[in-house]
1. Taking strands (runs of 3 or more DSSP E) that do not extend beyond segment A:33-128, which have at least 3 residues that are not aromatic (Phe, Trp, Tyr)?
2. Looking at segment B:169-209, which of the residues that are among the basic types (Lys, Arg) and not in a loop (DSSP other than H, G, I, E, B) is farthest from the other protein chains (Cβ to nearest Cβ)?
3. Which of the residues belonging to segment A:267-296 are of a type in the set (Val, Ile, Thr) and either in a loop (DSSP other than H, G, I, E, B) or farther than 21 Å from residue A:4 by Cα (or both)?
4. Would you check which residues across segment D:258-292 are more than 11 Å from chain B (Cβ to nearest Cβ) and either surrounded by fewer than 24 Cβ atoms within 10 Å (Cβ to Cβ) or at pLDDT below 95 (or both) and list them?
5. Could you tell me whether segment C:20-29 includes any residue that is surrounded by fewer than 24 Cβ atoms within 10 Å (Cβ to Cβ) and not β-branched (Val, Ile, Thr)?
6. Provide a single number: the residues in segment A:1-18 that are on the phi < 0 side of the Ramachandran plot, within 13 Å of chain C (Cβ to nearest Cβ) and not in a strand (DSSP E or B).
7. Do you know which residues across segment D:82-96 are farther than 18 Å from residue D:5 by Cβ and crowded, with 16+ Cβ neighbours inside 10 Å?
8. Is it the case that residue C:11 is modelled with pLDDT under 95, among the acidic types (Asp, Glu) and either farther than 23 Å from residue D:213 by Cα or in the same structural domain as residue C:296 (by TED's automatic domain parsing) (or both)?
4 protein chains.
Amino acid sequence: MRIGVLTSGGDCPGLNAVIRSIVHRAVVDHGDEVIGFQDGWKGLLECDYRKLDLDAVSGILALGGTILGSTRVQPTRLREGVERAKGHVAELGLDAIIPIGGEGTLKAARLLSDSGLPIVGVPKTIDNDIASTDVTFGFDTAVGVATEALDRLKTTAESHQRVLIVEVMGRHTGWIALHSGMAAGAHAIVVPERPFHVDELTKVVGARFEAGKKFAIVVVAEGARPQDGTMAFEAGGTDVYGHERFAGVARQLAVELERRLEKEARPVILGHVQRGGTPTAYDRVLATRFGWYAVEAVHRGDFGQMTALRGTDITLVPLAEAVEHLKTVPAERYAEAECVL
Amino acid sequence: MRIGVLTSGGDCPGLNAVIRSIVHRAVVDHGDEVIGFQDGWKGLLECDYRKLDLDAVSGILALGGTILGSTRVQPTRLREGVERAKGHVAELGLDAIIPIGGEGTLKAARLLSDSGLPIVGVPKTIDNDIASTDVTFGFDTAVGVATEALDRLKTTAESHQRVLIVEVMGRHTGWIALHSGMAAGAHAIVVPERPFHVDELTKVVGARFEAGKKFAIVVVAEGARPQDGTMAFEAGGTDVYGHERFAGVARQLAVELERRLEKEARPVILGHVQRGGTPTAYDRVLATRFGWYAVEAVHRGDFGQMTALRGTDITLVPLAEAVEHLKTVPAERYAEAECVL
Amino acid sequence: MRIGVLTSGGDCPGLNAVIRSIVHRAVVDHGDEVIGFQDGWKGLLECDYRKLDLDAVSGILALGGTILGSTRVQPTRLREGVERAKGHVAELGLDAIIPIGGEGTLKAARLLSDSGLPIVGVPKTIDNDIASTDVTFGFDTAVGVATEALDRLKTTAESHQRVLIVEVMGRHTGWIALHSGMAAGAHAIVVPERPFHVDELTKVVGARFEAGKKFAIVVVAEGARPQDGTMAFEAGGTDVYGHERFAGVARQLAVELERRLEKEARPVILGHVQRGGTPTAYDRVLATRFGWYAVEAVHRGDFGQMTALRGTDITLVPLAEAVEHLKTVPAERYAEAECVL
Amino acid sequence: MRIGVLTSGGDCPGLNAVIRSIVHRAVVDHGDEVIGFQDGWKGLLECDYRKLDLDAVSGILALGGTILGSTRVQPTRLREGVERAKGHVAELGLDAIIPIGGEGTLKAARLLSDSGLPIVGVPKTIDNDIASTDVTFGFDTAVGVATEALDRLKTTAESHQRVLIVEVMGRHTGWIALHSGMAAGAHAIVVPERPFHVDELTKVVGARFEAGKKFAIVVVAEGARPQDGTMAFEAGGTDVYGHERFAGVARQLAVELERRLEKEARPVILGHVQRGGTPTAYDRVLATRFGWYAVEAVHRGDFGQMTALRGTDITLVPLAEAVEHLKTVPAERYAEAECVL
């Protein structure tokens, strides 16, 4: 068989592990040929590819990034390019395409699958917001990086007797905030799923100081927003520099909490460091298993599907189902976190 | 309510996180009182305990070890002590006991539960060998430590053009070997579930050298053994020093592989470093959730149960079921690993 | 003897290691008594202290922060308090005071020393800007944290084909930028000691893209500034939120480079994470040695001095000399870095 | 100019950083040509080399191992090969050779230098035993790895109420033991420079238990030996497996201490993990600076020298002086460590 692979969307620790696993399983066990498209869907549309043999994937298991590159392609551009893509697939004699990517990528995968291309997707998101899999690779690494930073910040917050508002990734969901906050013992966790009331947050943090503690750590997902009308809030996008996170939520919360608590409050924005670099062992194993099963699905002709983790098993779910809705933090998980903060 | 907690068995990263979580949930949310028995079952038998309030668990979330201490108590001693334990529970007015421990501890828990004590267990094992939960805390940290060591050893093996045989924990099951070996890209993984044939192992490693590679990493679980009659093998226990791992499997395999391959082969025994120190974020979250749900079970009167992870949910399983058999590496998981080695 | 210890200024990994070392050396070897003042000079002025015995410093060697707390005291307040401080020293029967702190603390130490108090200082700065010692504890940890972040950011910058401008600590000196930039193989390093010309920086980064590379990492110290008149630059302090780093140099450089290079450029501000948490082994050893020698100096009556590292030896230098000028990055060190970027 | 580079001896984190730095400095700044000999002196003797341009060293800064490979060549073989080496140098038109290696390599370098070849050495040793430089790259990483392991082992020792005897590298000198032991707060440190008396060691460890502590960590350098006649001691080399560390000092000490203290004592042998993998930031900076200055020395014609760190400066010392004697742990450094254990 001849299989095409591509990676699309933002960086995510474990992409290379998936690529390597696909090549090992396909080439060694099945005698397949594997090619990699350069820079995601763009490579497919422009027929920009290279052969992936064992040498090509040697030593990449623990490397962050993706040896295939990645760009975000506009959905409309892809929609217009379906015929071209199909043409290239025919031309190259491909029996299957395995796109590795997040929500946008999987939607595109579904589009191409619906148009008749043989596709098996591999889900990727550091945000943990793809509903039909227990978890995907990248999330564990992101949580680990954020937790390690929080561990360090605690001693500084304590030394300086400050409130630190630590902004972690998560535009639409609060999974990284929830898990890193629980792991590091944050004193409040603010997620997009539950618009916050600054009065309540002030009360929670204030209670700590009243109890004689000298510092507090608040973890806030970048997409968290105040309840309507409860706090002046400057949405992103107004930065004189044109940068989106100008008036990030951590920054604005720091101002509000400092004013209300009369304690020094400082924002810390962890940023891109959460999505790069060496994956954790957990993510490497999961990514490797996903690659393995994607090749299996190809050989069984199970197209239009995506690999997924359910418990300890890797299964397949229809792409249609995979992209139906975001997986948000449910109330009971938030409640768990709240009680042990 | 009044709840007693104890930790028993070998060290495992996350024990303190469970203790802290129990205290937070019980004291803050339910207004319970929590006491901690010193040194595991011994503390219960000798009525050696102390009160655990919020201050007592402050700052312990990320610490390895257990603030309650831990000793291994002989099952017979415990069996003889059942009446004494019941007496202390009555005397202290305890509504529940939450023992945190591995297979032995859970068996003891079942014994006490069967005798009428109100018990909710929390499973603990770095080996991942408890069947009725997807995973327990401690395993992720152990795999992470082993993987990091393997990452480092790779460059040395390559520089020295050697075969390194790296022995990881796992007396009865090969989970740590499987996951760390997959995560680090080991070239062979040897587990107790599949007695190895040294000829085959030699062939696998030899093939690498024939293909022009200059080194190999073999991960072997400490409990792995050769197929009967295939290799002279010295079982543990004969050490002139009285130490059990004298003639460990890695050491003996190194000798055999060196002789057969005519390449330098060296054993590396990772040892205790796998079971101590700061837990990973994954283990801290899981441990925290287990503690939370153990308290919930107590308040619902769900005794004779153990907390368990199923997918992303924490559930309860009967202690009877929990200790029925070891969870071993199934053939299909081993096959996955094999193909991407 | 009776010795008073205090920590003052910002958080710095290794403070607890110094405290522990002082107590061990003084109590165990010399039979001294040690007390710790709470929250820096404030504790001395307000006679707020506690006894430090072996138990008090047990387990703190690897902890970030300081068990004694730390606040910044205004120099004027301290100047007015000299007599009060002397009164407390007499009252408590102290034979020596060991303040551990940065430039401000050492200046205060000199003031008190000149007024007749028996003082041995221990230098502390993550910025490495104290001239009379080769290096102090805290710097190695800060460089390590920044380097690890840079390692991670590289794969993301490459995946996203971006320029990342990473702002590290260093208001007046570029040591952290220089060392972390060299260690991580940054493509440009911008330090306060050499006001940058944005045209030149654009040229350096642009040359990389012309050579076919797809990303670049620029490390910039927070105190770096453009050459006069070369770039509109908004100094700190104008933030509507009242926060000082509003228009930080990384943010402004990102805008300029994006506009000039027509490549996506993003700022990443590492912030407080550089100054907290567990110290590296290097910093623990240095901190421990400083504590040891400070006690030695006390016993030899060598007051008005500060411990210092010279090569592999710990020596003493007069406090007067220690605070004379900042240690800036010399031209030849910057040149070394430049050539291997 | 045309410069040949080679790496020789055991693995050491930072080798690739030196190679990269040499290439950057020589090629970019001086317009030189650089070639790398394969597998150390062997490559020079057999004229096995390849060109090293910027692409060849791209991305290797943080990698452990050496892209040039390394083998140990017998001194006699090298001595006999001097004329051949000189022939190859002439043939290849080399203006200088930069060997990077430890004591053996530097002795060989001196031999070749004395025979008239233009040589600038770069010292390499994780053991820190080269006398004429304050420190070399590799040592900081080894100490860091050992310290991290000791941090983890502490909680396990405490949980299990054991004495752990942790064997670190150091056949002839105790630098790694000293620094990792100080950094991790070990309770005893045993080095080759001071043959130990098992009675005294027992007393030191026993005193801890008498004081109510429940565990102890002893760090011992692999080359440490008992004082003559004080303890039955089995030297290396008698292993039925032919392995040298069969009856390692940690193993034998564990037996003795267990017997005398009546406490469980277990050996842990850290092994090769100390000499592989990613270098610390400290080692990367030092390695980079060494490479830079080696090229400078070549251009100034300063042959027969070795780069060295003195304080914060890189200098040159004659090869003759460099290999004169081992740098051992001096009594005063050992005394420092002792008091804060």
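1. It comes to A:33-37, A:96-101, A:120-123.
2. B:203
3. Within segment A:267-296, A:268, A:269, A:273, A:278, A:280, A:285 meet the criteria.
4. D:260, D:261, D:262, D:263
5. To start, the set of residues in segment C:20-29 that are surrounded by fewer than 24 Cβ atoms within 10 Å (Cβ to Cβ) comprises C:24, C:27-29.
Those left that are additionally not β-branched (Val, Ile, Thr): C:24, C:29.
Yes, there is a match, as at least one residue in segment C:20-29 is surrounded by fewer than 24 Cβ atoms within 10 Å (Cβ to Cβ) and not β-branched (Val, Ile, Thr).
6. Here the count works out to 8.
7. We begin by selecting, within segment D:82-96, every residue farther than 18 Å from residue D:5 by Cβ; these are D:82-84, D:87.
Passing the criteria: only D:82.
8. It is true that residue C:11 is modelled with pLDDT under 95, among the acidic types (Asp, Glu) and either farther than 23 Å from residue D:213 by Cα or in the same structural domain as residue C:296 (by TED's automatic domain parsing) (or both).
The values are calculated or read from the model by the stated rules, or taken from the named source; none is laboratory data. Since this is a predicted model, take the numbers as computed values, not measurements. Here the Cβ is made from the backbone with ideal geometry for all residues, glycine too, and neighbour counts use every protein chain on show.
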